[in-house]
1. Can you tell me which residue within the range 27-48, out of those that are touching a strand residue (DSSP E or B) at 6+ places or on another chain (Cβ under 7 Å) and of a type in the set (A, V, I, L, M, F, W, C), is surrounded by the fewest Cβ atoms within 10 Å (Cβ to Cβ)?
2. State all residues of the range 128-173 that are within 14 Å of the ligand (Cβ to nearest atom), among the aliphatic types (A, V, I, L, M) and surrounded by 14 or more Cβ atoms within 10 Å (Cβ to Cβ); if no residue qualifies, say none.
3. Might you check whether a residue that is over 23 Å from residue 140 (Cα atoms), part of a loop (DSSP other than H, G, I, E, B) and within 14 Å of the ligand (Cβ to nearest atom) occurs anywhere in the range 68-75?
4. Looking at the structure I just gave you, is residue 24 open to solvent by less than 20 Å² (accessible area, probe 1.4 Å), without any contact (Cβ under 8 Å) to a residue 60 or more places away in the chain and part of a helix (DSSP H, G or I)?
5. Taking the condition in contact with a strand residue (DSSP E or B) (Cβ under 9 Å, 6 or more places away or on another chain) and surrounded by fewer than 20 Cβ atoms within 10 Å (Cβ to Cβ), does residue 100 pass?
6. Suppose we filter 143, 113 for residues that are touching an Asp or Glu at 6+ places or on another chain (Cβ under 9 Å), under 14 Å from residue 35 (Cα atoms), part of a strand (DSSP E or B) and at pLDDT 95 or above; which single one remains?
7. Across the range 277-287, which residue is farthest from residue 178 (Cα to Cα) among those that are at pLDDT 95 or above and open to solvent by 20 Å² or more (accessible area, probe 1.4 Å)?
8. Scan 177, 169 and give me the residue that is over 25 Å from residue 70 (Cα atoms), modelled with pLDDT under 95 and under 23 Å from the mean Cα position of the chain (by Cα).
Amino acid sequence: MTVERRQVVVVGAGPSGSIAAALLRRRGRDVLVLERQKFPRFSIGESLLVHCLDFVAEAGMLEAVDAAGFQYKNGAAFARSGSYSDYDFGQRFSPGRPSTYQVQRAAFDKLLADEAEKQGVEIRYEVEIVATAEAGARRTLTARAANGEVRTIEADFVLDASGFGRTLPRLLNLEEPSNFPARQAIFTHVADRIPDGAFDRNKIRVTVHPEHLDVWYWLIPFSGGRCSLGVVAEKSFLERYPGLPEQRLRTLIAEDSGLASLLVDAQWDTPVRELAGYAANVKTMHGPGFALLGNAAEFLDPVFSSGVTIAMRSASMAVQVLERQLRGERVDWQSEFEVPLRRGVDCFRAYVEAWYDGRFQKIVFAERQPDDLRRMICSVLAGYAWDERNPFAAQAKSRLDTLSKLCA
Ligand SMILES: Cc1cc2nc3c(=O)[nH]c(=O)nc-3n(C[C@H](O)[C@H](O)[C@H](O)COP(=O)(O)OP(=O)(O)OC[C@H]3O[C@@H](n4cnc5c(N)ncnc54)[C@H](O)[C@@H]3O)c2cc1C
């Protein structure tokens, strides 16, 4: 069998794959992306944070994203039994643009992949990576196309951007269980028909269940009068709700009167989906001839919409290290990629833990919140979890502990 030789192969054409491929191509590198699905395809993860647009801009795609007509987003709102609190991304500690977008991922991911292609990246759709091996300093991949054709590709380096597919972690036995309990999401898209003024369409709305504080709903407005709507809870909790996914989601929404009244006229026109046990971790984010990007490495939880931002940030950071390696410099993936990437991931982890044990909700729904601290928290909510100057990012856990005690 002939072996195809490439400089860099990227597995998966989601946000981390397209951004990484474009960034390498812009540096003159030969990049091949292999994607097992045909685009456009459905994907969850629709509310973007501001920081991810920094990487869209770095990859030369911001103009196309700005022109695509996605729903403008300027913050995050939290609701619980009649209480309401919102954070405006324009009022935050870390500098940068004040807004971002909420996107149907089928369209967004296709746009990024098309933009990468326009810059010279080669993308092959309906090709799945099914095996990998070390080949001296290089790595081989076995790629199986939808028509059954199997070929071997040898690359100087592989970036695994295969998201929940977690290709190299599975094949190389790198998977580690997450510390979070197994949670599940039930979700759909609706034509929401929410009257003007009843709801701030420029923000994601996270609603806490009136009785179970670790159960929450998302309402993510899109342009064109549509919304993404979902609920997240521990799997064991959702087992109490029998029936088909749509019936389960409708029953859960009916339990929150505020959300139910917003959605009273919604038209349910899209199949309801379920996703369970998505939190994941790995033993290492890099190894001989490869690095893991985005969800292929780690996924925490959807509550702070951090997934796409972490995915794109990991792409940008990996490309900087890889570019130096390809130039023949000595690099250390642990200290130059994994450790600094994990700093921001661990900041989000501290916020997720504080969300589910109630500390973050004490802060969010407190009657009085000092403005300067709100700005620091808002920065993390906008995605700037790596900003070392922000105490609510750099020392997230201890700061949230102290503030939640004060708020209580
Ligand atoms: C319920 C839920 C809600 C979420 N909400 C948000 C949100 O509001 N905002 C947010 O930012 N994030 C959210 N996320 C997280 C978000 O979905 C992910 O973090 C993000 O999609 C990760 O991007 P990625 O590029 O790493 O992977 P993906 O977007 O998953 O892309 C991976 C690609 O790789 C391809 N692939 C997989 N295996 C192979 C293989 N073997 N060979 C070839 N191709 C392969 C797949 O087909 C896919 O196209 C949510 C997640 C969940 C579970």
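The values are calculated or read from the model by the stated rules, or taken from the named source; none is laboratory data. Everything numeric in this text was worked out from a predicted model, so none of it was measured. With ideal geometry, Cβ positions are generated from the backbone for all residues, glycine too; neighbour counts draw on all protein chains shown. What goes into the accessible areas is simple: the full protein's heavy atoms, side chains included, and nothing from ligands, DNA or RNA. Shrake-Rupley method; radii C 1.70, N 1.55, O 1.52, S 1.80 Å.
1. Here the answer is 44.
2. Result: 129, 141, 143, 145, 153, 155, 158, 159, 161, 168, 171, 172.
3. Looking through the range 68-75, at least one residue is over 23 Å from residue 140 (Cα atoms), part of a loop (DSSP other than H, G, I, E, B) and within 14 Å of the ligand (Cβ to nearest atom).
4. Answer is no for this residue.
5. The answer is no for residue 100.
6. Going through 143, 113 in turn, the sole match is 143.
7. Filtering first and then ranking leaves 287.
8. None of the other options fit; the residue is 177.
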